[in-house]
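Working notes for the structure below.
What follows is calculated from the coordinates using simple rules that are stated; it is not laboratory data. In this text the structure is predicted, and so the values were computed from the model without any measurement. Here the Cβ positions follow ideal geometry from the backbone for every residue, glycine too, while neighbour counts run over all protein chains shown.
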Amino acid sequence: MADENTQVVGGVQDTTPEKPIDATDETFDPARAMALINKLREENKAYKSKAKKADEYEAAETARQQSEMTEAEKLRKELEATKANLAKREREAMQREVAARVGIPSSLASRLTGETPEDMEMDAKTILAEIQKAAKPTAPPVGATNPGSGASATETPAQKRERLMGGSTDIFSHGGGIYWGPDQPPK
């Protein structure tokens with residue numbers, strides 16, 4: 001409830017009665033006015049220096065908080081990197097363990113996929129089956145000059161020449177040939 005002598009300033013009622021300005025109350029004294037001006041100027045300088053110091057303190061506090069936040073962020077990033085490195089090493093150790101247990105070569109351990117040891121073991125068994133399927137021995141190709149293991153051990157030099165030369169065994173009739181050793185002298 002505000003009446004004529006009450007003012008509401010910033011949500012608080014000011015109940016000081018207003019004095020009407022009367023020019024006859026006081027007479028102007030220049031010396032007194034100058035003293036009041038000088039006093040107000042000095043107070044203003046003091047308030048300015050205090051405000052400047054307060055601003056400096058606030059800036060220093062803000063900088064300190066930012067540096068702490070920056071340090072905290074650095075530590076948070078370092079923690080995240082350390083956790084990622086630890087998870088990677090644990091995964092590699094689990095891969096090596098599963099590879100050794102299943103029996104696949106350690107060079108293939110890093111290729112195992114899965115989040116759990118059971119998943120990795122299933123993957124390792126699949127890889128092992130593929131390796132074994134690919135490693136089944138096949139008969140080596142037998143060429144014209146290689147009789148292979150099924151050839152007769154009693155092959156005579158004449159039969160050998162016939163097999164290799166494909167016909168005539170007279171090697172010197174064409175101006176040269178192969179000498180088969182002392183058991184078959186040239187003709």
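General remarks:
- Which of Asp29, Asp119 has the fewest Cβ neighbours within 10 Å, and the rest in rising order: Asp29, Asp119
- Between Glu80 and Lys53, the modelled label-to-label distance comes to 4.3 nm, taking each label 7 Å out from Cα in the direction of the beta carbon.
- Straight-line cross-link reach from Lys125 at under 21 Å between alpha-carbon atoms covers these lysines, not counting any fewer than eight positions away in the same chain: Lys133, Lys136.
- If the segment from Glu73 to Asp29 were pulled out straight at 0.36 nm per residue, it would be longer than the present Cα-Cα gap by 9.4 nm.
- Contact order normalised by residue count of the stretch 30-134, Cα under 8 Å, 6+ apart, percent: 15
- Amide N of the stretch 71-89 lying under 19 Å from the label point, which is placed 7 angstrom from the Cα of Ser110 along Cα→Cβ: 84-89
- Taking label positions 7 Å along the Cα-Cβ direction at both Arg41 and Glu97, the computed distance is 8.4 nm, reported to one decimal.
- Residues Ile131, Ile104, arranged from fewest to most other Cβ atoms within 10 angstrom of their Cβ, appear as Ile131, Ile104.
- Legend: ranking of residues Thr154, Thr126, Thr82 from fewest to most surrounding C-beta atoms inside 10 Å; resulting order Thr154, Thr82, Thr126.
- Of all lysines in the structure, the ones whose alpha carbon falls short of 24 Å from that of Lys48, not counting any fewer than 8 places away in one chain, are Lys39.
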